[in-house]
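Everything below concerns the one structure shown next.
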Amino acid sequence: MVPLASARSARFDDAEFYLGDPNATFRDLRDHDPVHWYEEGKFWVVTKYDDIKTISARPEKFKSERIGIMMDLIAHREGRDPQGYKARGILFMDPPEHRAHRKAIGVRFTPAAVSKLEQRVREVINKIFDDLPDGEFDWIERVAEPFPVYVFAYLLGVPEQDWPKVAGWATTIAKVGSGVAEDSDMELIFGEVAPYLMGLVAEKAEEPTDDLLSMLSQVRIDGEPFNEIEVMIYALTLLAAGSETTQSLIAGIASSFDLHPDQADMVFADPALGPNAVEEVLRWWTPVMSMARQSAQDTEIRGVTIREGEGLLLAYASANRDADHWGPTAEQFDVRRTEAAGHLGFGVGEHFCMGAALARREARFVLDELTARAKGIHVTGDAVPRPSALVHTYDRLPVTLDYR
């Protein structure tokens with residue numbers, strides 16, 4: 001099928017495309033070319049909800065080892081294997097290896113494990129809100145960025161005095177994942193972030209405590225421990241995935257409420273709607289816009305043949321607005337949507353986000369504090385969207401709160 005003009009001009013591996021109106025292009029593709037060959041990128045763009053769920057549920061046909069995120073599609077197009085793909089962590093594994101690693105690490109992210117952190121997490125968000133000014137402030141700088149990073153730094157075992165430094169690092173790591181990193185970003189990761197984490201890993205190996213880095217230093221997979229590099233890679237992956245996803249979600253809460261004041265008013269009037277509002281933000285906003293896979297064999301989707309070795313972009317942002325799944329109100333933001341939790345905001349299948357329970361709880365705590373202290377939130381300055389082909393967020397989002 002011949003794609004529409006909007007799809008022919010779209011650059012799915014270019015951050016600039018996502019600063020425009022990607023949903024219009026995705027809508028056209030869902031209607032006219034749902035399995036779209038992106039010639040300039042040399043990969044497929046899959047836009048329908050059911051197709052993405054099917055692909056994600058079949059790791060034997062669609063693998064993650066070499067192609068898991070946007071940067072890998074770019075590397076594949078250029079004829080490069082992702083550097084160090086053998087030690088890139090659980091995001092880039094397939095069964096049975098993936099299951100063994102997830103079983104070993106996932107115990108720290110179950111709903112029961114997350115519930116034990118509730119008091120500490122509430123202390124962090126209470127302090128953040130206590131320190132907010134009365135007038136305009138940057139929602140990203142003061143809330144969305146520090147809160148999830150501080151929580152995850154606490155989980156990792158990073159000393160509290162280093163949390164602000166780690167917050168900036170998490171953003172840099174996410175830039176690498178979206179394929180828009182500059183040389184200075186890579187220098188920061190290998191020159192500062194990696195040595196810092198490896199130093200902590202060495203300390204935890206000698207004197208383990210009850211934190212993720214200590215656990216990673218002691219975990220065994222098929223009887224074999226991780227080496228220092230593998231622990232460090234895991235720490236980088238978990239830090240970026242655990243903080244950037246939630247930062248984008250918290251940014252999406254403020255932006256979505258500002259764009260839909262009638263929906264925001266419902267939540268401020270009835271905070272019990274908060275949990276469902278979080279799910280609707282995950283659907284409508286979609287903090288992580290895509291993941292990727294590589295076809296392990298020739299296969300067919302909607303009559304289109306995908307050849308062995310070809311890459312596929314799984315456009316979660318598109319699937320989350322697919323009218324064939326969500327019905328005629330798919331494009332609308334509705335905090336009372338009964339099926340909102342069926343979104344793909346945390347992925348699906350083997351690689352469903354391990355930290356989903358933690359991210360949900362963090363976002364709900366933000367809404368708890370927001371609705372307890374204020375009766376409204378408004379974007380009052382020039383927002384600066386973050387250039388990224390992976391995460392949906394802002395570099396700056398000036399807001400004011402209508403305090404109670």
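Every number here is computed from the coordinates shown, using simple stated rules; none is lab data. Please read these numbers as outputs of a predicted model, since none were measured by experiment. Positions of Cβ are backbone-derived with ideal geometry, glycine not excepted, and every protein chain shown enters the neighbour counts.
Observations on the model:
- Taking all Cα pairs closer than 8 Å and separated by 6 or more residues, the relative contact order of the stretch 15-83 comes to 19 percent.
- Of all DSSP-defined beta bridges confined to the chain, some 85% are antiparallel rather than parallel.
- As a length-normalised measure over Cα pairs under 8 Å and 6 or more apart, the relative contact order of the chain settles at 25 percent.
- Karplus (6.51, -1.76, 1.60) ³J(HN,Hα), θ = phi - 60°, over the stretch 202-213, in Hz, Gly and Pro reported as x: 4, 5, 5, 5, 7, 9, x, 10, 8, 8, 5, 5
- Residues whose amide H comes within less than 5 Å of that of M291, counting only those at least five positions distant or on another chain, are L314, Y316 (H built at 1.01 Å from N in the peptide plane).
- For the stretch 271-358, applying the loop criterion from DSSP together with a ceiling of 15 other beta carbons within 10 Å to the chymotrypsin sites (Phe, Trp or Tyr not before Pro) yields F352.
- Within a straight-line Cα-Cα reach of under 14 Å, K204 can be paired with the following aspartates and glutamates, leaving aside sequence neighbours fewer than 8 residues apart in one chain: E228.
- nm² value of the averaged projected area, convex hull over the Cα atoms of the chain: 19.0
- Rounded if a/c under 1.5, otherwise prolate or oblate - the stretch 107-175, Cα gyration tensor axes: oblate
- Per-residue ³J(HN,Hα) for the stretch 146-162, Karplus 6.51 cos²θ - 1.76 cosθ + 1.60, θ = phi - 60°, Hz, x for Gly and Pro: x, 4, x, 5, 5, 5, 6, 4, 4, 4, 5, x, 6, x, 4, 5, 9
- Taking a sphere under 12 Å around the Cβ of Y394 and counting the other residues whose Cβ falls inside, with K and R at +1 and D and E at -1, yields a net charge of -4.
- Neighbour-limited loop hits for GluC sites (Glu not before Pro), the stretch 240-281 (at most 13 other Cβ within 10 Å; DSSP other than H, G, I, E, B): none
- A Cβ-based charge dipole, computed about the Cα centre of the chain with Lys and Arg at +1 and Asp and Glu at -1, lands at about 980 debye.
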